[in-house]
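The values are calculated or read from the model by the stated rules, or taken from the named source; none is laboratory data. What you see is a predicted model, and the numbers here were worked out from it, not measured in a lab. Here Cβ is always computed from backbone atoms with ideal geometry, including for glycine, and neighbour counts include all displayed protein chains. Areas reflect the complete protein model, heavy atoms only, side chains present, ligands, DNA and RNA absent. Shrake-Rupley method; radii C 1.70, N 1.55, O 1.52, S 1.80 Å.
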Amino acid sequence: IDSECIAQVLLKSVPVELVGRTLAQMELRSKGNILVMLIEHRGKKAQPAVAETVFLGGDKLTVFGAYKDICRVFHAKEQLGEEQAA
């Protein structure tokens, strides 16, 4: 996988350091080099992520960034095919 990618991350659980924090408070773009593009809450239609977004377990995120940063921030591991990471 190339270093810059668009990935879909399924949050089985929210990393403890992100719990209860808004997207703006997480500073993923400035500190983690990750842009959260879309978020799908509980199977609803994917919507653009906004500053007030708070992640929940089961959310599906579409993110852009360096693959290693995505894995580090979301405690993810690569899974190919039908399975999702995180």
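A few remarks follow.
- One way to sum up the overall shape of segment 12-53 is the equivalent ellipsoid from its Cα gyration tensor, whose semi-axes run 18, 13, 9 Å, largest first.
- With every protein chain in place, segment 1-66: carbon and sulfur % of accessible area (1.4 Å): 55 percent
- Residues Val16 and Val50, FRET efficiency given R0 of 35 Å [Cβ-Cβ distance, rounded to 0.05]: 0.95
- Here the simple spin-label model places points 7 Å from the Cα toward Cβ, and for Arg72 and Ala24 these points are separated by 2.6 nm.
- Working from Cα pairs under 8 Å separated by at least six residues, relative contact order for segment 2-82 is 43 percent.
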